[in-house]
Amino acid sequence: MPSRHSRFFLGASMVLTLLSVAACSSSNRTLPSAPSSGGTSTGSSASLPGQTGAGLQPESILAANSITPPIAAAADNADGRLDVFGVRTGQALWNINQIVPPASWTSWTSLGGVVTSNPTVSPNSDGRLEVFARGTDNALWHNWELTTNGAWSGWASLGGVITSDPAVFLNADGRLEVFARGTDNALWHTSQSAAHSGPWTAWASAGGILTSDPAVYINSDNRLEVFARGTDNALWHIWQNTPDGTWSSWASLGGILTSDPAVARNTDGRLEVFARGTDDALWHTSQSAAAGGPWTAWASAGGIVTSDPEVGTNSDGRLEVFARGTDSALWHIWQNTPDGTWSGWSSLGGAVTSAPTVIDDSQGKLEVFASGADFALWHIWQTVPHSAPWSSWVSLGG
């Protein structure tokens, strides 16, 4: 991957240092945990205070050499093509689309706005993509496709004052729900009032004291569950009591985390969470049964991680985790069988300067995006479904 300059770039801030390769450890020793802290669910429905101000301003022309460290958001469009989104120091949101998977792409297009967080994107229940990011007023802003694979709406504010990257997931009833940390460091959330449709609900607090971006996933019984690091650096979680329903109080899963958590679901229905430990190795814990606890003891997967971990699901159901190593290459580790044991770490090369973003494409192949030393967006993909070999790194420019 070249290490000089490119025209443009993708990405917004967060390059938390996390992986290289140390030998993979399959030990099940306990990841040390700190004293309990965290907070309880308030269940309040008070509005998260909003600010008036410029918010997301239209901006289609960016300074040629104005660059920030990248991170990308990716989603599958309704027709199976990937859409990738990222931010420049302009700070507009930019978008690039696959024409033919995996190697044929459009040029970059600006969606405007002035974005102050990493973006997140999700398909609506009707297939239209919707992107979320924080604006200059610290409110949550969103932009959505007017029709599947169609034109974009333009930016609109959802209010609030958020202090983290937003996280979004689709409820069982088809409503998108967005989670973010507020100025009080609690978890706040807002959702569509109907499937793939507004208006959006007032912001409500779920309590807690967060020291990381939240991560959200859906259980096999369709209840959402949110994970974040607490003030004690342990992993804490909160979950819907019933699908689309009320929320539990916060509970600790222990451990000492030095990264944002990443979460995915095994084929047997168990959620599994990954994070970096104090030894810079990758650690993980999982539900002991589908949609339920207790959770397993923390186990080390080894490695030396220098970015937030990112987890993807292969088309055969096996989880695969990606992160940057101390050599700035992209490294990965994968389940040998669905729900099973883990491989050792293996390098995919490259020289990446961001945490990776991973998604499975319409052909059943995982594809990973990261910024290079030239600040362009680079990608690499499996050449056959859920299996090596991987392609060479290819630049998408930016």
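The values are calculated or read from the model by the stated rules, or taken from the named source; none is laboratory data. No experiment lies behind these values; they were computed from the predicted model shown. We place every Cβ from the backbone using ideal geometry, glycine too, and count neighbours over all the protein chains shown. For the accessible areas, the whole protein counts, side chains as well, though only heavy atoms, and no ligand, DNA or RNA atoms are used. Shrake-Rupley method; radii C 1.70, N 1.55, O 1.52, S 1.80 Å.
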When the range 218-235 is examined, which residues are found to be in a strand (DSSP E or B) and either surrounded by fewer than 20 Cβ atoms within 10 Å (Cβ to Cβ) or of a type in the set (A, V, I, L, M, F, W, C) (or both)?
ILE218, LEU224, VAL226, PHE227, ALA228, LEU235
Could you give every pair whose Cβ atoms fall below 6 Å, whose first residue belongs to the range 78-98 and is under 12 Å from SER110 (Cα atoms), and whose second residue is aromatic (Phe, Trp, Tyr) and surrounded by fewer than 24 Cβ atoms within 10 Å (Cβ to Cβ), counting only separations of at least 6 or pairs across chains?
TRP94/TRP108; ILE96/TRP105; ILE96/TRP108
Would you be able to tell me the number of residues in the range 99-115 that are closer than 28 Å to ALA139 by Cα and free of Cβ contacts under 8 Å to residues at least 60 places away in the same chain?
5
Considering each of PRO214, PRO123 in turn, give the residue that is closer than 28 Å to PRO309 by Cβ, in contact with a Phe, Trp or Tyr (Cβ under 8 Å, 6 or more places away or on another chain) and either open to solvent by 10 Å² or more (accessible area, probe 1.4 Å) or of a type outside the set (Lys, Arg) (or both).
PRO214
(1) aliphatic (A, V, I, L, M); (2) at pLDDT below 95; (3) crowded, with 20+ Cβ neighbours inside 10 Å: which one isn't true of ALA373, the others all being true?
(3)
Please find, within the range 295-315, the residue that is nearest to the chain's Cα centre (by Cα) out of those that are within 18 Å of ALA228 (Cα to Cα) and not hydrophobic (A, V, I, L, M, F, W, C).
GLU310
Evaluation of THR337 against (1) in a loop (DSSP other than H, G, I, E, B); (2) free of Cβ contacts under 8 Å to residues at least 24 places away in the same chain; (3) of a type outside the set (A, V, I, L, M); (4) in contact with a strand residue (DSSP E or B) (Cβ under 9 Å, 6 or more places away or on another chain) (one fails), failing number:
(4)
Can we say ASP279 is open to solvent by 10 Å² or more (accessible area, probe 1.4 Å), at positive phi and modelled with pLDDT of 95 or more?
no
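Of all residues in the range 296-310, how many are of a type in the set (A, V, I, L, M, F, W, C) and surrounded by fewer than 20 Cβ atoms within 10 Å (Cβ to Cβ)?
Filtering the range 296-310 for residues of a type in the set (A, V, I, L, M, F, W, C) gives 297-299, 301, 304-305.
Those left that are additionally surrounded by fewer than 20 Cβ atoms within 10 Å (Cβ to Cβ): 297, 299.
Qualifying residue count for the region: 2.
Please give the strands (runs of 3 or more DSSP E) falling wholly within the range 236-302 in which 3 or more residues are hydrophobic (A, V, I, L, M, F, W, C). Break it down stepwise before answering.
Details: elements: 262-265, 271-276, 282-289, 292-295, 299-302.
Strands (runs of 3 or more DSSP E) meeting the threshold: 262-265, 271-276, 282-289.
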